[in-house]
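> Have a look at the structure that comes next, please.
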Amino acid sequence: MKKILLLITTVLTLVSCDAQSKKEFTKEALENVMTSKENKTITFKEIINQYKGKTVFIDVWASWCPDCVKGMPKVKALQEKHPDLVYLFISMDKNYDTWMKGIEKYEVKGEHYLTSDGMKGVFGKSIDLDWIPRYMIVDKEGNIALYKAIEVDDSKIEETLKKLEK
C-alpha cells in the first residue's frame, strides 16, 4: 500500500511540475485570435512577437473577476518597481464594450487584448487556465520564464524577474 501511495505521489508531482514549467506556448495558443483595443484582430503569436527583446509580464484577467480587481493595486505596485517591463493584459471578458469599460474603470495601464472565446476556450485551455488572475512572464526571446502564478506578490515573480535581469 505504501508503494502505491508513493507511486501516485510521484506521478502527481511530476505532472504538477510539468504544468508549472512549460517554456513555450502551444501552437493553439499562438494561433488564437484576439482583439486589440482598436477593435482589430491579431493572433497571440503576433502579440508576443511585437515584444521580442523585452521582458513581458502577462496578466490574464477579467473586469468581472473580484480577485483580479483586488489584485490590481499590487500589479500597479509591480509596475512602479519594474517600469521597464511590458505589461500585457489578456482579458477574459465576454465582450468588447465590457472589457473597455473595465480597463477605464480600474485604470489598467499597459498593453491590452481580449480573447475570442473566454476562459474555457482555446487560449484558456492552451495555457491550462484554471483561475484568474493568472500571471506569466515571458523572456526577451519569447519563451515562458514563469508559467503560473496567481498572486502578484508570489515570490516566484520576483525570483524570475531577478534571473532575467542578469
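The values are calculated or read from the model by the stated rules, or taken from the named source; none is laboratory data. It should be emphasised that the depicted structure is a prediction, and the values quoted were computed from it without experimental measurement. Cβ: placed from backbone, ideal geometry, glycine included. Neighbour counts: every protein chain shown. Remember, those area values only see protein heavy atoms, side chains included, never the ligands or the DNA or RNA. Shrake-Rupley method; radii C 1.70, N 1.55, O 1.52, S 1.80 Å.
> When the Karplus curve 6.51 cos²θ - 1.76 cosθ + 1.60 is applied with θ = phi - 60°, which whole-Hz ³J(HN,Hα) does each residue of the stretch 65-70 get, with x for Gly and Pro?
Values per residue, Gly and Pro as x: 8, x, 5, 5, 5, 4 Hz.
> Could you work out the mean projected area of the convex hull around the alpha carbons of the stretch 60-111, in square nanometres to one decimal?
The number I arrive at for the stretch 60-111 is 3.3 nm².
> Would you mind checking the tilt of helix 96-105 against the longest principal axis of the Cα atoms of the chain, expressed as 0 to 90 degrees and rounded to 10?
So the inclination is approximately 90 degrees.
> Got a sec? What order do Ser36, Ser155 fall in by accessible area at 1.4 Å, biggest, i.e. largest, first?
The ranking, largest first, comes out as Ser155, Ser36.
> How large is ³J(HN,Hα) for each residue in the stretch 128-139, as worked out from phi by the Karplus curve 6.51 cos²θ - 1.76 cosθ + 1.60 (θ = phi - 60°), to whole Hz, x for Gly and Pro?
3J(HN,Hα) across the stretch 128-139, in whole Hz: 6, 6, 10, 6, 10, x, 9, 10, 9, 10, 10, 7.
> Where in the chain lies the longest segment free of GluC sites (Glu not before Pro) that are both loop residues by DSSP (not H, G, I, E, B) and have at most 16 other Cβ atoms within 10 Å?
No qualifying site falls inside 39-106, the longest such stretch.
> Treating the chain as a set of equal point scatterers at the Cα positions, no solvent, please give the Debye-formula log₁₀ I(q)/I(0) at q = 0.09, 0.16, 0.17 Å⁻¹.
Reported log10 I(q)/I(0), two decimals: -0.31, -0.91, -1.02.
> Which value at 222 nm does the chain reach when only helices count, each DSSP H run of 4 or more adding -39,500 (n - 2.57), with the total divided by all residues and rounded to the nearest 500 deg cm²/dmol?
Computed ellipticity for the chain at 222 nm equals -13000 deg cm²/dmol.
> Please tell me the relative contact order of the stretch 14-166 in percent, rounded to the nearest whole number, where contacts are Cα pairs under 8 Å and at least six residues apart.
Relative contact order for the stretch 14-166 comes out at 31 percent.
> Can you list the HN-Hα couplings for the stretch 84-95, worked out from phi with the Karplus curve (6.51, -1.76, 1.60; θ = phi - 60°), rounded to whole Hz and with x for Gly and Pro?
7, 7, 8, 9, 10, 9, 9, 8, 9, 4, 6, 8
> Once amide H atoms are built 1.01 Å from N in the peptide plane, which residues 5 or more positions from Thr55, or in another chain, come under 5 Å H to H?
Val86
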